[in-house]
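The values are calculated or read from the model by the stated rules, or taken from the named source; none is laboratory data. Owing to the predicted nature of the structure, the values given are computational and were not obtained by experimental measurement. Neighbour counts are summed over all protein chains in view; Cβ atoms, including those assigned to glycine, are modelled from backbone coordinates with ideal geometry.
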């Protein structure tokens with residue numbers, strides 16, 4: 001069971017403040033980040049996954065600096081779907097294999113981990129299929145398989161439910177829940193507020209700062225949503 005902790009985290013882009021004084025503990029299970037576009041969700045995920053350099057504060061994973069956790073492969077990042085170039089000639093197997101690049105295991109173990117990850121997300125038989133030939137939901141599962149092949153303890157997902165239909169979204173959620181039940185810690189940004197109460201163990205509402213954090217039923221109140229989204233309570 002792995003915990004993520006941020007203390008006084010601040011992220012800026014030039015003079016623009018994306019995150020300010022974020023002190024947060026992400027417990028094992030699924031924690032969902034919600035907020036308007038530009039609220040800092042992607043910046044927080046980036047600071048944890050290593051794609052964004054904080055201007056102040058610390059990020060710890062399982063009691064050690066996040067950089068060390070990432071170096072040992074404990075943190076896997078699943079980006080937004082639009083980062084995949086559908087015209088790039090790369091296969092399902094090649095993308096999932098990327099999750100094993102930092103592995104020190106044998107080639108036999110690597111092959112087994114790749115095959116198992118592809119099977120877990122329901123894409124067996126499509127290993128040689130080009131990414132551009134897949135549906136949005138299938139491409140999303142390829143990225144999840146890459147994270148699983150890495151055998152990471154922490155999964156960081158940036159809007160994994162965007163751009164896919166409701167059926168694919170529910171399939172993805174079911175897969176995600178099964179991985180969480182195995183003890184992984186998952187931090188996910190989403191705009192799908194309707195699914196959060198049933199899907200998530202914890203919710204965090206962001207708007208450059210943490211507006212509210214806790215159980216979804218306690219956090220996603222009309223008052224908090226009004227503050228975060230400008231909705232009327």
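Of all the residues in segment 126-144, those that are over 13 Å from the mean Cα position of the chain (by Cα), touching a residue at least 40 places away in the same chain (Cβ under 8 Å), assigned to a helix (DSSP H, G or I) and surrounded by 18 or more Cβ atoms within 10 Å (Cβ to Cβ) number 3. Being in a helix (DSSP H, G or I) and over 26 Å from residue 105 (Cα atoms) holds for only one residue in 179, 172, and it is 172.
Summed over segment 213-233, the residues that are at pLDDT below 95, under 14 Å from residue 35 (Cα atoms) and not in a helix (DSSP H, G or I) give a count of 4. Restricting attention to segment 71-91, the residues that are in contact with a strand residue (DSSP E or B) (Cβ under 8 Å, 6 or more places away or on another chain), modelled with pLDDT of 85 or more and either in a helix (DSSP H, G or I) or buried (at least 18 other Cβ atoms within 10 Å of the Cβ) (or both) total 5. Residue 164 meets the conditions (1) over 20 Å from residue 43 (Cα atoms); (2) out of contact with any helix residue (DSSP H, G or I) (no Cβ under 6 Å at 6 or more places or on another chain) in every case but one. The failed one is (2).
Cβ-Cβ distances below 8 Å connect the following pairs, each with a first residue in segment 176-187 that is at negative phi and at pLDDT 85 or above, a second residue that is surrounded by fewer than 11 Cβ atoms within 10 Å (Cβ to Cβ) and in a loop (DSSP other than H, G, I, E, B), and a separation of six or more residues or different chains: 185/1.
Would you check if there is a residue in segment 117-125 being over 23 Å from residue 32 (Cβ atoms), over 20 Å from the mean Cα position of the chain (by Cα), at pLDDT below 90 and outside any helix (DSSP H, G or I)? No, that holds for no residue.
Scanning segment 10-22 for residues that are surrounded by 14 or more Cβ atoms within 10 Å (Cβ to Cβ) and out of contact with any helix residue (DSSP H, G or I) (no Cβ under 6 Å at 6 or more places or on another chain) turns up 10, 12, 17, 20, 21, 22.
May I ask you to list the residues in segment 154-167 that are more than 12 Å from the chain's Cα centre (by Cα) and on the phi < 0 side of the Ramachandran plot? Across segment 154-167, the qualifying residues are 162, 164, 165, 166, 167.
Taking the stated definitions as given, is residue 147 out of contact with any helix residue (DSSP H, G or I) (no Cβ under 7 Å at 6 or more places or on another chain), at pLDDT 85 or above and either closer than 22 Å to residue 5 by Cα or surrounded by fewer than 19 Cβ atoms within 10 Å (Cβ to Cβ) (or both)? Here the answer is no, as residue 147 does not meet what is asked.
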